[in-house]
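Peer 1: Below is one structure. I have some questions about it.
The values are calculated or read from the model by the stated rules, or taken from the named source; none is laboratory data. Treat the numbers as computed from the prediction; the structure is a model and nothing was measured. Virtual Cβ from ideal backbone geometry, glycine too; neighbours counted across all protein chains shown. Areas reflect the complete protein model, heavy atoms only, side chains present, ligands, DNA and RNA absent. Shrake-Rupley method; radii C 1.70, N 1.55, O 1.52, S 1.80 Å.
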Amino acid sequence: MRQHFLNQTIEISCAIVLILCLACVSNALDFDTFKKREIQALRIQSQITVDGHLNEVPWQSQGFTGFIQSEPLDGEPATEKTEVWVGYDGHHLYVAARLYDSEPENIITRLGRRDDELESDWFVFGVDPYFDKRSGFQFAVNPSGSIIDGTLFNDEGTDNTWDGVWSSSAHRDQKGWSVEIKIPYNQLRFRDKEKYTWGVNFIRVIKRKNEKAFFSWVPKEESGYVSRFAVLKGIHDIRPARLLDFLPFAVGKALMGPEEEGNPFQTGKEFTGNAGFDLKAGLKSNLTLNLTVNPDFGQVEVDPAVINISDQETYYEEKRPFFIEGADIFRFGTGGANTVRHIGWKNPSFFYSRRIGRSPQGYVQPFGYVDYPAWTTILTAAKVTGKVGKGWNVGFLSALTNREHANIRIDEERTKQEIEPFSYYGVLRAQKEFNQGNQGLGFIATSVLRNFKTPELAALIPRSAFSLALDGWTFLDKNKTWVVTGWIGGTMVTGTTEAITKLQLSPLHYFQRPDAHYVDVDKNASSLKGWSSRIFLNKQKGNWVFNTAVGFMSPEFNSMDLGYHTRGDVIHGHVETGYQTFHPDPVFRSWKITLAACRGTDFGGNRINENYILTAFGRFLNYWSAVFTMSYDPTRYNHYLTRGGPIAEYPWGFTRRLSIHSDNRKQIIGSLSAHYRTHPYGAYNWSLYAGLKWKPRSNLSLSLNPGYMWRHSAGQWVTKIEDDLKVETYGVRYVMSDIIVETIPVEIRVNWTFTPRLSLQAYLQPYIGVGDYFNFKEWKRPRTFDFDVYGEGDSTLSLEKGRYTFDPDGPGPAEPFSLRNPDFNLKSMRGTVVLRWEYSPGSTFFAVWTQNRADYSYPGQLDFSRDIQALFRAPGDHIFLIKINHRFKL
């Protein structure tokens, strides 16, 4: 049976590559059929003072007008006049805008930190200096001088993680407000030519009207953004500028925490310092090098607390500036399509940057006192991005991380043990677009190489890991209504036989499953090779919605050394259709209804996923919005209920979800979301989350996001006990229970901006998570959800001094066994306060306070008042950090 599925997957995967390759060499169609507006750039002969007043000579000429609404009345002329100019000299590109307003006293503006998407009026300038009609840069300024900048990709994608060095100013007067922008050429990438043709666009947001108007307008029923830019002409006699910035930094850190008597590693105080540097250099006019040596990311916000009682790793977002800036170049598998849906499919990632500098993977037996480093030290990392050759977008990242040791003290003897090897990480991403972006073809390659000093660690962690994947897309018609995008990739992990055996037995694979005859554990293997693929068809525009996809992930696929994914062994497909409208009616400004179905099997043909989903979205005339979802998943099979044991039945479930959001123009913004899910056997779960944002002043906002989740599961894994008497389940007793999990997460944020370059941000997350295990039982037989409950019939169950003792058959021959009471009660408080001052362009000072405290008393019992008091009484760690870097323009 597995061979039948393999033949199918190989045929479809080959079809993916064939379609993409044929499409990329086909240049017969000209899709660029619409007429574009043109702008003539002005040669600047005198100095421009960037103060927002528009009193220089070039801005006295007739500017360009004629903005068209996208919101709220798509296609109608803008309600307020906007006039724009573009100028240039030998070193800079200039943009000026006069934004007339009939009610200047009602202009909405807010002061925020860089890249904060504030509820405010905005002026946005987009430029495509390569004129590839797919990518570019975007710069935004609001009336208070707050700024947003980012890169444009895949025609409609925006990535605000890029921070350029440019200047701007805004000015308000009785006519409305005005903007001036000055962009050095070394911040833009373009080829050296005698004359230049670029793409440009301008956007104006009038927040009190919820109006968004474009100079180069795209109807909502259509697709595209950069490809629709107006044409900027008239620039000549300029040269791309070389970028070279050197940014040394220094850090001082003080750790204050509880002291543990006798523990030499927990004295209550620790003072450390660090230094390093960053380098940004233009290797050519179209390539940029970002280098960091001995980086420190102490100013980054802490990760939130979570309760994870599954067998899968928790996924955390990347927050470190070096890795998030320009991350769009490493995006994979989604090119061409403006929407890529993963309904029931958990898409693997070949590159997950948090693997670099991760927590050490080794461990030490708990004898004596042990000091573990929290993170692996990054010695250096380099990133090269840009364009090479004839239209290839490239990104290359490499990093070296240090060998890490745990310090151990037993009695008076001090030793250390290797817990993370010296490692190299490398990623190469390249993509080429053809026929003005109507087809594309690319690849991503990753590598991880580790050097071990001890055989004990080499038995735990693979020695090396590699991946290689191809992706691409093609539009199927000249109107760009339909697009096919897809990818196919393989992974190879090598190491000692012990490490590869451990990998085969891990929750990602569970090759030891006794009834899965298409996989088995090879204890002599020194490598593991797998593959995955997906192809996706999407309707890009119009009122009717349609998309469908089919994906495959082999049981052996493993990208976890430098990527992220959940379990493999899946063949999955979905289809979604629906209808949407973008124009107001008597009730809604816009609405959308979709119906989706998905189904998945493993490589043995067992149905492991099936779901039917109805989703309805509406934005009301008062700018409130709501989303309602119903989903039904029939009874199916599950490999992972028994965590490496035989396949089990998983009962059906029915879910309802509702979320409501208020008008974000108001001083107080609210949201509410809830879900309710039912199962048979009396199990169910529900949640309620609220959001409240208050903007008491134009430079201050406070938000409170409390939540509550209650979940009753009837099949929670506890442990497994080997017993040859349990013949039906292959000589193992799979012990499970009911569980009630209650979590109360609260997020509190304060954003206080004093100037566009000086701000204070505070984040605090109180969190309570309680789990009560009860109704202990053992699984009866494969392919069922049937159990024998301990304490019924001849079986017995007792609890004494925090340990359960089980006897499966009382007077029978089965041996009793015991285990620790698994109940838990986590009370956590995590928070960060960051003062950020950009004292000169590109140079920054940080003052940071971070705290982390936790308490575990009263397991299995939730008492909010008692638990909150215990949390605030709990000892915690406090970190005080000062960091300064300075930009030297070389």
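Peer 1: Given the criteria among the charged types (D, E, K, R), modelled with pLDDT under 95 and surrounded by 16 or more Cβ atoms within 10 Å (Cβ to Cβ), does residue 873 qualify?
Peer 2: no
Peer 1: Among the residues of the range 294-347, which ones are crowded, with 18+ Cβ neighbours inside 10 Å and at positive phi?
Peer 2: 326, 333, 336, 344
Peer 1: How many of the residues in the range 673-697 are out of contact with any Asp or Glu (no Cβ under 8 Å at 6 or more places or on another chain) and open to solvent by less than 60 Å² (accessible area, probe 1.4 Å)?
Peer 2: 13
Peer 1: While we're here: Within the range 461-553, which strands (runs of 3 or more DSSP E) (wholly inside it) include 2 or more residues that are among the hydrophobic types (A, V, I, L, M, F, W, C), open to solvent by 50 Å² or more (accessible area, probe 1.4 Å) and at pLDDT 95 or above?
Peer 2: Working: elements: 464-475, 482-494, 527-539, 544-553.
Those strands (runs of 3 or more DSSP E) span 464-475, 482-494, 544-553.
Peer 1: Check 271, 265 and return the single one that is within 30 Å of residue 856 (Cα to Cα), among the aromatic types (Phe, Trp, Tyr) and assigned to a loop (DSSP other than H, G, I, E, B).
Peer 2: 265
Peer 1: Within the range 51-100, which residues are under 30 Å from residue 665 (Cβ atoms), touching a Lys or Arg at 6+ places or on another chain (Cβ under 9 Å) and of a type in the set (A, V, I, L, M)? If you could, list the steps in order and put the result at the bottom.
Peer 2: Residues of the range 51-100 under 30 Å from residue 665 (Cβ atoms): 51-54, 63-85, 95-100.
Within this subset, residues satisfying the condition of being touching a Lys or Arg at 6+ places or on another chain (Cβ under 9 Å) are 52, 54, 63-67, 69-72, 74-75, 78-85, 95, 97-100.
Those that are under 30 Å from residue 665 (Cβ atoms), touching a Lys or Arg at 6+ places or on another chain (Cβ under 9 Å) and of a type in the set (A, V, I, L, M): 54, 78, 84, 95, 97, 99.
Peer 1: Something else about it: Hey, could you check the range 194-209 for residues that are in a strand (DSSP E or B) and either basic (Lys, Arg) or within 30 Å of residue 106 (Cβ to Cβ) (or both) and say which is most open to solvent (accessible area, probe 1.4 Å)?
Peer 2: 195
Peer 1: Right, next: Please state which one of 279, 289, 255 is at pLDDT 90 or above and in contact with an Asp or Glu (Cβ under 6 Å, 6 or more places away or on another chain). Step through it out loud before you land on a result.
Peer 2: Values: 279 fails: in contact with an Asp or Glu (Cβ under 6 Å, 6 or more places away or on another chain); 289 fails: in contact with an Asp or Glu (Cβ under 6 Å, 6 or more places away or on another chain).
Unique residue meeting the criteria: 255.
Peer 1: Only residues that are at pLDDT 95 or above and of a type in the set (Asp, Glu): list them for the range 197-240, please.
Peer 2: Within the range 197-240, just 211 meets the criteria.
Peer 1: Working carefully through the options 70, 46, find the one that is among the hydroxyl-bearing types (Ser, Thr, Tyr) and open to solvent by 40 Å² or more (accessible area, probe 1.4 Å).
Peer 2: Working: 70 fails: open to solvent by 40 Å² or more (accessible area, probe 1.4 Å).
The match here is 46.
Peer 1: Right, here's the next one. Looking only at the range 373-425, count every residue that is charged (D, E, K, R), part of a strand (DSSP E or B) and farther than 25 Å from residue 323 by Cα and tell me the total.
Peer 2: We begin by selecting, within the range 373-425, every residue charged (D, E, K, R); these are 383, 387, 390, 403-404, 409, 411-414, 416, 418, 420.
Still in the running and part of a strand (DSSP E or B): 383, 387, 404, 409, 413-414, 416, 418, 420.
Now restrict to residues that are farther than 25 Å from residue 323 by Cα: 409, 413-414, 416, 418.
The number of residues fulfilling the criteria is 5.
Peer 1: May I pose another question? Under 7 Å by Cβ, and 6 or more places apart or on different chains, what pairs join a residue from the range 520-541 that is farther than 18 Å from residue 485 by Cβ and free of Cβ contacts under 8 Å to residues at least 12 places away in the same chain with one that is part of a loop (DSSP other than H, G, I, E, B) and open to solvent by less than 20 Å² (accessible area, probe 1.4 Å)?
Peer 2: If the second residue must be part of a loop (DSSP other than H, G, I, E, B) and open to solvent by less than 20 Å² (accessible area, probe 1.4 Å), the pairs left are 520/511.
Peer 1: Taking the range 368-408 as the region of interest, how many residues are more than 29 Å from residue 437 (Cα to Cα), in contact with a strand residue (DSSP E or B) (Cβ under 8 Å, 6 or more places away or on another chain) and open to solvent by 50 Å² or more (accessible area, probe 1.4 Å)?
Peer 2: Residues in the range 368-408 being more than 29 Å from residue 437 (Cα to Cα), in contact with a strand residue (DSSP E or B) (Cβ under 8 Å, 6 or more places away or on another chain) and open to solvent by 50 Å² or more (accessible area, probe 1.4 Å): 10 in total.
Peer 1: Scan the range 110-139 for residues that are touching a Pro at 6+ places or on another chain (Cβ under 8 Å) and outside any loop (DSSP other than H, G, I, E, B) and jot them down.
Peer 2: 136, 137
Peer 1: Which one is nearest to residue 131 (Cα to Cα), of the residues in the range 178-193 that are at pLDDT 95 or above and either open to solvent by 30 Å² or more (accessible area, probe 1.4 Å) or acidic (Asp, Glu) (or both)?
Peer 2: Only one residue tops the list, namely 182.
Peer 1: Go through 441, 428 for me and flag whichever is among the aliphatic types (A, V, I, L, M), open to solvent by 30 Å² or more (accessible area, probe 1.4 Å) and in contact (Cβ under 8 Å) with a residue 40 or more places away in the chain.
Peer 2: 441
Rundown of residues vs (1) modelled with pLDDT of 95 or more; (2) more than 30 Å from residue 566 (Cα to Cα); (3) surrounded by 15 or more Cβ atoms within 10 Å (Cβ to Cβ), yes/no style:
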site	(1), (2), (3)
592	yes, yes, yes
606	yes, no, yes
610	yes, no, yes
619	yes, yes, yes
626	yes, yes, yes
629	yes, no, yes
638	no, no, yes
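Peer 1: Within the range 264-285, which residues are under 18 Å from residue 184 (Cβ atoms), under 27 Å from the mean Cα position of the chain (by Cα) and not charged (D, E, K, R)? Steps first, please.
Peer 2: Of all residues in the range 264-285, those under 18 Å from residue 184 (Cβ atoms) come to 279-285.
After this cut, where a residue has to be under 27 Å from the mean Cα position of the chain (by Cα) as well, the list is 279-280.
If the condition is that a residue be under 18 Å from residue 184 (Cβ atoms), under 27 Å from the mean Cα position of the chain (by Cα) and not charged (D, E, K, R), then 279 is the only one that fits.
Peer 1: Still on this structure, please answer the following. Let me spell it out: the conditions are (1) under 26 Å from the mean Cα position of the chain (by Cα); (2) within 22 Å of residue 664 (Cα to Cα), and residue 145 meets all of them except one. Which number is the exception?
Peer 2: Condition not satisfied by residue 145: (1).
Peer 1: Let me ask something additional. Say we look at the range 714-751 and pick out the residues that are surrounded by 19 or more Cβ atoms within 10 Å (Cβ to Cβ) and among the hydroxyl-bearing types (Ser, Thr, Tyr); which of these is farthest from residue 789 (Cα to Cα)?
Peer 2: For the range 714-751, the residue satisfying everything is 743.
Peer 1: Quick test for you: out of 835, 826, pick the one residue that is open to solvent by 20 Å² or more (accessible area, probe 1.4 Å), part of a strand (DSSP E or B), closer than 21 Å to residue 273 by Cβ and aliphatic (A, V, I, L, M). Quick ask: steps written out before the conclusion?
Peer 2: Working: 826 fails: closer than 21 Å to residue 273 by Cβ.
Unique residue meeting the criteria: 835.
Peer 1: Quick check on residue 791: is it outside any strand (DSSP E or B) and either buried (at least 19 other Cβ atoms within 10 Å of the Cβ) or at positive phi (or both)?
Peer 2: yes
Peer 1: Let me ask you something else. Take the residues in the range 210-234 that are basic (Lys, Arg) and part of a strand (DSSP E or B), then tell me which one is surrounded by the most Cβ atoms within 10 Å (Cβ to Cβ).
Peer 2: 212
Peer 1: Report every pair of residues separated by at least 6 positions or lying on different chains whose Cβ atoms are under 7 Å apart, first residue within the range 94-113 and closer than 13 Å to residue 209 by Cβ, second in a strand (DSSP E or B) and open to solvent by 50 Å² or more (accessible area, probe 1.4 Å).
Peer 2: The qualifying pairs are 107/172.
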